[in-house]
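To keep things clear, I will list the structure first and then write my remarks on it.
The values are calculated or read from the model by the stated rules, or taken from the named source; none is laboratory data. Note that the coordinates shown come from a computational prediction; the quantities given were computed from them, not determined experimentally. In this analysis, Cβ positions are derived from the backbone assuming ideal geometry, glycine residues included, and neighbour counts consider all displayed protein chains.
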Amino acid sequence: MTSPTTVARTPEEAVPSSPLVGRSMLWGCTAGGSSMVVHLALLLVLGLLITPQITRPPVQIVESQLEPPREMEDFPTRLPVDAKPAKVLNPSPPDGPNGPVNEDISDAVAAAIRQPKLPNSVSLVTNALSVEVGVMNLLHGSRERMQVDVPEGTRGEPLASVRGIDDAMDRITQEILNRLAHRKLLIVWLFDESESMQDDRADISARVHRVYEELKLSGTAKGDALISSVMSYGAGVTLHTKLPTSDHLKVEAAIAGIPNDPSGKEMMCGAINAALAQHQTIAQQSGRQLISILVTDESGDMTTNHTDLESTIAAARAARCPIYILGREAVFGYPYAHLRWIDPETKISFWLRIDRGPETPDPEQLQVDGIHRRHDAHPSGFGPYEQARLARQTGGVFFLLPSPEANLWRRDDRIYDADAMRPYLPDLSARGDYAVERDKHPMRAALWKVITDLNPYLPPRGALVQVRFWDWPIDPAAFAREAETNIKKAQTLEQYFALAQRELEKVRSQRDRDPSLRWRANFDTTYAQTIAYQARLREYVAYIKAFNVSPKAIKNVLGPARPTNAWDGAYIARTLVNDSETQQMRERATALYRQTLKDHAGTPWAARAEFELARGFGIELREDYEDPRRGAVLVPEQ
């Protein structure tokens with residue numbers, strides 16, 4: 001999440017001098033760069049041959065107590081007062097100041113989409129572990145239960161579908177019993193402090209009592225055979241039990257007393273490192289196995305996940321600490337989700353962006369919706385990549401909690417069938433290995449170039465690959481200025497998609513040769529989108545031109561308490577542009593989407609195709625009311 005500040009709105013991104021350039025992206029690297037990084041790491045490991053040492057990040061120790069909620073401090077996108085979260089995907093976008101800046105852009109279009117490049121600088125992360133790791137093996141997981149007697153070093157389960165928290169806690173109880181049968185245990189409960197986790201923490205706190213009671217009844221947890229500790233994390237890490245305890249009432253009280261962290265940050269890797277540093281020696285000296293149970297609804301801070309994941313895995317393996325994770329489903333091919341939040345003072349609804357994916361090391365889908373950046377929450381069928389890999393590599397389990405989230409924007413409650421999804425398992429290898437393997441395949445490499453160059457989350461590219469859709473001014477002169485700028489941007493963006501289409505067509509023959517059904521589905525969806533979005537942008541240009549000449553009459557359709565003061569975009573089936581070329585684009589895109597529905601039925605790729613078809617190709621502007629108090633509420637810090 002972003003850090004807020006109470007200032008007026010500022011441009012989202014600066015505009016570069018030329019399009020389709022730059023690669024300051026955390027989400028990818030070239031095959032050559034990845035190979036160099038991997039080989040350097042291997043050389044360092046061979047040269048050092050030392051046991052990983054855990055750097056101790058600062059840990060705050062507190063007494064268990066309930067604290068009043070603190071004000072959330074994250075950027076919410078705007079939402080109409082009467083808007084409600086959807087139970088199924090719908091084609092209408094969330095309202096918010098997400099349109100790009102109103103600045104002129106160059107009409108030049110790059111001749112080709114270039115390969116992603118490694119960043120030319122290295123950041124020092126103070127809480128990273130002092131360890132280098134080599135290549136980690138990829139072993140795809142299954143949904144089957146683990147065996148009762150699990151030898152050390154056995155890979156864990158990256159996806160265990162459960163019916164809810166009760167089912168997950170039953171599985172965890174059985175895992176604890178399995179391990180207690182062999183030796184004493186030290187459990188570290190580690191909770192995400194985000195406000196969105198408040199209900200989950202309450203549910204788990206209420207169920208922990210039953211877990212410990214069942215363990216006591218089993219006869220294997222007598223005396224101090226099982227001791228537990230409770231920690232939580234946001235921007236920092238807090239220890240809620242000064243010493244591990246065998247008193248489950250203290251554990252329950254500690255969990256119940258975890259506060260909400262207002263920072264909006266979830267430093268997951270740092271928190272795991274802190275838990276290991278705090279408890280590894282205790283476990284070793286008392287002859288116990290150390291295990292950690294992580295409870296979160298987010299994938300964690302993106303930057304430190306990229307820099308620290310592999311060293312965190314290495315540290316957990318060195319400590320022989322399996323990590324069990326109770327988490328949420330990753331958003332399909334997209335790092336974010338949006339949760340509803342109501343400002344306590346103004347009572348205005350906002351949407352907070354949280355990290356919730358993707359399910360793969362790098363996003364394998366477009367991050368733009370054709371006109372603006374994505375805001376959807378299509379379920380992926382899998383957990384976030386970092387957490388699935390953590391569980392797999394440490395011998396733990398990732399439990400996918402299926403319970404609906406009422407405050408999630410565009411929530412889609414569908415649950416994918418395990419058999420249908422098995423051929424689409426994500427690659428859970430280390431990021432460097434993943435990038436090397438991806439770039440070996442021409443179709444995958446070309447697809448990754450398109451995704452990267454059309455990524456609105458990469459400044460300064462963001463201003464180039466999206467145009468204004470919401471918050472159009474009602475003043476005719478101001479509207480005319482906006483129209484001129486955004487029509488020019490839309491025409492350039494259409495050329496971007498045409499270029500991307502041609503790049504994909506160059507490798508289309510490789511599609512059927514690629515051994516991965518997942519990557520073939522990725523190609524099918526993205527190729528259809530590059531064509532559909534060209535047609536939609538033509539509609540955008542035609543409609544904005546016509547509206548500028550002859551705007552709608554304002555009728556204040558939202559009522560006298562909410563007089564119209566802005567125009568907001570909406571997707572519709574009706575189209576204005578019906579020349580043969582545009583009509584052919586619509587027909588071709590529609591046929592491709594329908595083929596995806598057939599070829600990948602029962603998967604997120606089919607769901608995305610269904611969503612695209614439902615939106616249609618046309619747009620229109622509708623009356624909206626923008627509360628003037630929003631300007632003083634949380635705005636992102638650039």
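Descriptive notes on the structure:
- Candidates 560, 604 - the one that is of a type outside the set (S, T, N, Q), farther than 16 Å from residue 531 by Cα and surrounded by 12 or more Cβ atoms within 10 Å (Cβ to Cβ): 604
- Residue that is farthest from residue 607 (Cα to Cα) [pool: residues in region 288-319 that are in contact with a Ser or Thr (Cβ under 9 Å, 6 or more places away or on another chain) and charged (D, E, K, R)]: 317
- Positions within region 562-593 being part of a helix (DSSP H, G or I) and either in contact with a Lys or Arg (Cβ under 6 Å, 6 or more places away or on another chain) or in contact (Cβ under 8 Å) with a residue 12 or more places away in the chain (or both), in sequence order: 582, 585, 586, 588, 589, 590, 592, 593
- Condition check for residue 463: without any contact (Cβ under 8 Å) to a residue 60 or more places away in the chain and in the same structural domain as residue 536 (by TED's automatic domain parsing): no
- Qualifying residue in region 166-181 (condition: in contact with a Gly (Cβ under 6 Å, 6 or more places away or on another chain), more than 23 Å from residue 282 (Cβ to Cβ) and either touching a residue at least 40 places away in the same chain (Cβ under 8 Å) or part of a loop (DSSP other than H, G, I, E, B) (or both)): no
- Hits in region 468-482 (condition: crowded, with 21+ Cβ neighbours inside 10 Å and out of contact with any Phe, Trp or Tyr (no Cβ under 7 Å at 6 or more places or on another chain)): 468, 469, 470
- From the list 246, 205, 218, the one residue that fits, being within 31 Å of the chain's Cα centre (by Cα), of a type in the set (Ser, Thr, Tyr) and in the same structural domain as residue 323 (by TED's automatic domain parsing), is 205.
- The selection criterion, being among the basic types (Lys, Arg), in a loop (DSSP other than H, G, I, E, B) and within 30 Å of residue 477 (Cβ to Cβ), does not hold for residue 536.
- Single residue of 559, 618 found to be in contact (Cβ under 8 Å) with a residue 40 or more places away in the chain and in the same structural domain as residue 471 (by TED's automatic domain parsing): 618
- If you check 370, 383 for being among the small types (Gly, Ala, Ser), at positive phi and crowded, with 24+ Cβ neighbours inside 10 Å, only one passes: 370.
- Residue 435 meets all of the listed conditions (1) in contact with a Pro (Cβ under 9 Å, 6 or more places away or on another chain); (2) under 30 Å from residue 553 (Cβ atoms); (3) of a type in the set (A, V, I, L, M) but one, namely (2).
- The strands (runs of 3 or more DSSP E) found wholly in region 316-405 and carrying at least 2 residues that are under 27 Å from residue 521 (Cα atoms) occupy 336-342, 349-355, 397-400.
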